Ligand SMILES: [Zn+2]
Ligand SMILES: [Zn+2]
């Protein structure tokens, strides 16, 4: 089978390797779609976001996939051959209170597929059966791949931000996560203000349902958000751009007792906690993935609304063209790049 590897800085190689055997409690997945993610680029550029051993460079990346169950390992009871499944990226200890609740992403022993163990940018992968998320028949494979990281994270964020038809949310950053946020927030019925300096991204934001698009390079976005909300400020804001300005604007644009969701990876930022946060009684909430047991309601939400996640897939490639795919995605000029396998 073919598998993409990141053996050296900014180098992608596609190698031939044996199809893995599913171990006890594991299944073999024949991949159908596997999305590239900004966190794959952290590995590509040598800036890991998870603390993995540097010698892990031959671990296949890919943590936003779906496929078909091809073979069952010993003792597998929950899934069967032929099942169409999306894959939950987290491996936890399985016994701590967070794992038992399905919040595997906050387990102290958390490990991520595509970082700690071989991921999904390959023809096949093995995975514990509990990581298999059954896809509704109506869900296509590209949507299935995007439903995990983009869909699951932004769905969870919208719930944490208590979005509904009476709420206005400002979304800072209109890349794949921000675009997923627009789709999800519209699904929850909220009025959406999308903010980005890239006009192409703002055009997509409008197309997928943003009620207002603002370019902070052309005018004061916070002031415009206040004027759209009759001087009050937005009820909530979501930060999907990993920079200081986005977090500051997200704090400044919400009304008193508003809620700010931090989605973007960002290792440092400077804020004025007293004036931007404490005095206004703001809730600041972090969110980077979803509870595994939310999958069924999440998948139903995506299918029934429908949430057209596929619209944020701008490019598809076969795995043999992984190098081109990585380079294009790294350019920042596209939305989601997804590896696909046709029958
Ligand atoms: Zn991701
Ligand atoms: Zn655990």
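Read-outs throughout are calculated quantities, based only on the coordinates presented, and are distinct from any laboratory measurement. This structure is a prediction, so every number in the text was calculated from the model and none was measured. Here Cβ is always computed from backbone atoms with ideal geometry, including for glycine, and neighbour counts include all displayed protein chains.
Points worth noting:
- Some residue of segment 50-71 being within 16 Å of ligand 2 (Cβ to nearest atom) and in a strand (DSSP E or B): no
- Just one residue in the set 119, 90, 82, 102 is touching a residue at least 12 places away in the same chain (Cβ under 8 Å), within 16 Å of ligand 2 (Cβ to nearest atom) and in contact with a strand residue (DSSP E or B) (Cβ under 7 Å, 6 or more places away or on another chain); that residue is 90.
- The residue that is nearest to ligand 1 (Cβ to nearest atom), counting only those in segment 89-110 that are part of a helix (DSSP H, G or I) and surrounded by 14 or more Cβ atoms within 10 Å (Cβ to Cβ), is 105.
- Per the listing 241, 250, 325, the residue uniquely closer than 22 Å to residue 150 by Cβ and more than 19 Å from the chain's Cα centre (by Cα) is 250.
- Positions within segment 135-181 being farther than 25 Å from residue 84 by Cβ and surrounded by fewer than 24 Cβ atoms within 10 Å (Cβ to Cβ), in sequence order: 159, 160, 162, 164, 165, 166, 167, 175
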